[in-house]
Amino acid sequence: MKTFPENFLWGGAVSANQCEGAYNEDGKGLSVQDVLPHGLRGERTEGPTADNLKLEAIDFYHNYKEDIRLFAEMGFKVFRTSIAWSRIFPEGDEETPNEKGLEFYDRLFDECLKYGIEPLVTISHYETPLGLAEKYDGWRSRKLIGFFERYCRTVFTRYKDKVKYWLTFNEINSLLHAPFMSGGIKTPAEQLTEQDLYQAMHHELVASAMAVKLGHELMPSAKIGCMILGITVYPLTPDPDDMIATMEKDRETLLFADIHARGTYPKYLLNYFEDHKIEICMEPEDGEILKNTVDFISFSYYSSVCATTHTELGEPTGGNLSRGYKNPYLKATAWGWQIDPKGLRYTLNRLYDRYQLPLFIVENGIGAEDQLVTLENGEKTVLDDYRIDYLRQHLIQVREAIRDGVEIMGYTSWGCIDLVSASTAEMRKRYGYIYVDRGDDGTGSLRRYRKKSFWWYRDIIESNGVNL
Ligand code: BG6
């Protein structure tokens with residue numbers, strides 16, 4: 001019976017801004033995260049403030065050797081992280097890169113390769129240099145395409161012999177929901193029109209396709225993918241109007257994958273622009289650049305939502321960015337994210353049917369409060385059976401999708417080591433196989449402890465999924 005392929009890339013994922021810390025070391029400039037102490041829905045601050053946990057995060061910048069050793073102990077084949085753009089170009093618009101920043105990622109990637117772990121690198125993960133936000137209003141400005149191109153050229157040239165797998169923008173569709181965190185757009189969200197947001201989206205899409213083009217030129221054997229927040233939508237009722245509402249909500253996500261995979265704007269989006277009097281300013285070369293389509297599609301998957309026209313029947317869901325209505329058949333996490341393993345199988349099939357491109361699940365996991373306990377032998381751990389159960393249920397559905405015929409490159413669960421959450425900027429919302437001793441008040445030894453899920457995941461990787 002068909003199961004995980006031999007070369008399946010098992011691993012874990014983090015982002016620079018949520019784990020590295022060292023926010024002002026070795027020439028790093030500020031990023032938008034350094035002024036967002038309370039996450040997605042909190043106010044930004046003028047500069048870094050002591051209550052911002054990301055400034056130190058889990059100090060991966062100094063602990064990366066120990067952490068990668070632990071990933072290797074679990075048997076990781078791949079490790080997804082991002083490059084902090086402002087370590088390389090501190091303000092974003094410099095002409096020459098910061099050598100010390102480049103050296104850090106040399107050391108980091110070398111450390112991965114030492115254990116046979118392939119780095120999977122996100123070029124931009126919610127950490128636009130603050131300078132680009134302040135001076136240009138982030139991705140609203142077309143100038144960012146040029147700055148991004150320089151940044152890509154720099155990192156592709158530098159790491160072409162170390163990194164084979166690249167992702168352009170993390171959850172690129174989040175730009176429409178979180179313009180400052182996702183796109184460095186300083187103008188308050190309530191003052192932005194749809195026109196502004198779709199124009200910024202166009203700039204990012206051109207930049208993403210440009211990165212694919214450049215990457216293929218500079219690194220012919222590299223695989224470059226897009227990354228979509230893969231929110232899955234069901235109709236709340238069988239009313240045909242709910243099916244249409246589902247289709248429309250689905251397209252808010254799919255349009256990004258459509259453009260990345262097909263190299264052109266879909267007709268339904270162009271019609272939407274026309275109906276809403278949105279006029280995207282495009283340069284003559286943009287059409288050609290967009291034709292540089294991705295090698296694979298990656299996405300994050302945490303939950304699903306429902307869409308309905310019967311709003312009186314629906315109860316709004318929790319979630320990070322894109323929200324909908326609760327599904328009465330599903331349970332939710334303590335943060336209100338609905339748990340839907342079968343939705344992952346459905347999503348994999350839906351994306352593969354639509355694009356026939358390899359897929360990579362680059363985020364999945366449960367954010368939960370963990371309790372550090374001491375075992376009889378004196379060892380400290382977390383008995384996180386709830387995490388094992390969540391991941392196991394999802395991986396069973398990945399296996400089902402493989403049996404359905406979907407081509408899946410790999411799976412990197414989110415926050416393989418505890419880190420600061422993106423939407424709420426907390427430490428207590430933990431995802432890791434490795435517990436990090438740090439609390440929401442910023443105190444803690446930063447010591448690392450293997451959770452029960454650490455041993456479970458090691459066994460799953462070792463058996464290539466047979467022991468699920
Ligand atoms: C994704 C992001 O939206 O979800 C990650 O790419 C984020 O950066 C993850 O951490 C989980 O969300 P949260 O808010 O629980 O950290």
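The values are calculated or read from the model by the stated rules, or taken from the named source; none is laboratory data. Not measured: the values here are computed from a predicted model. Cβ: placed from backbone, ideal geometry, glycine included. Neighbour counts: every protein chain shown.
Scanning for something under 21 Å from V121 (Cβ atoms) and not in a helix (DSSP H, G or I), does region 175-190 turn up at least one residue?
Yes: region 175-190 contains one or more residues that are under 21 Å from V121 (Cβ atoms) and not in a helix (DSSP H, G or I).
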Conditions first: (1) farther than 30 Å from E46 by Cβ; (2) within 16 Å of the ligand (Cβ to nearest atom). S182 passes all but one, so which condition is the exception? (1)
List the residue pairs whose Cβ atoms are under 8 Å apart, where the first residue sits in region 401-424 and is farther than 30 Å from V35 by Cα and at pLDDT 95 or above, the second is in a helix (DSSP H, G or I) and within 16 Å of the ligand (Cβ to nearest atom), and the two are 6 or more positions apart or on different chains. A401/L344
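Every residue, every condition in (1) among the basic types (K, R); (2) out of contact with any Cys (no Cβ under 7 Å at 6 or more places or on another chain); (3) farther than 27 Å from W10 by Cα, yes or no:
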{"position": "D295", "(1), (2), (3)": "no, yes, no"}
{"position": "C306", "(1), (2), (3)": "no, yes, yes"}
{"position": "G314", "(1), (2), (3)": "no, no, yes"}
{"position": "W335", "(1), (2), (3)": "no, yes, no"}
{"position": "P341", "(1), (2), (3)": "no, yes, no"}
{"position": "R345", "(1), (2), (3)": "yes, yes, no"}
{"position": "L351", "(1), (2), (3)": "no, yes, no"}
{"position": "Y355", "(1), (2), (3)": "no, yes, no"}
Helices (runs of 4 or more DSSP H) wholly inside region 225-323 containing at least 3 residues that are within 16 Å of the ligand (Cβ to nearest atom): 240-262
Can you find a residue that is surrounded by 19 or more Cβ atoms within 10 Å (Cβ to Cβ), within 15 Å of the ligand (Cβ to nearest atom) and either within 24 Å of E190 (Cα to Cα) or touching a residue at least 60 places away in the same chain (Cβ under 8 Å) (or both) anywhere in region 41-50? no
Only residues in region 235-259 that are farther than 25 Å from N170 by Cβ count as the first member; pair them with residues that are assigned to a helix (DSSP H, G or I) and modelled with pLDDT of 95 or more, Cβ under 6 angstrom, at least 6 apart or cross-chain, and list the lot. P235/D242; P235/M243; P235/T246; L236/D242
Subset of region 375-418 (residues that are among the small types (G, A, S), within 27 Å of N170 (Cβ to Cβ) and either more than 16 Å from the ligand (Cβ to nearest atom) or in a helix (DSSP H, G or I) (or both)): A401, G410
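Please work out which residue is nearest to D389 (Cα to Cα), limiting yourself to region 445-468 and to residues that are assigned to a loop (DSSP other than H, G, I, E, B) and in contact (Cβ under 8 Å) with a residue 12 or more places away in the chain. Spell out the reasoning first.
Start the filter on region 445-468 by keeping residues that are assigned to a loop (DSSP other than H, G, I, E, B), which leaves 445-447, 451, 463-468.
Okay, now just the ones that are also in contact (Cβ under 8 Å) with a residue 12 or more places away in the chain, so 446, 451, 464-466, 468.
Values: L446: 26, K451: 14, N464: 18, G465: 14, V466: 16, L468: 10 Å.
Filtering first and then ranking leaves L468.
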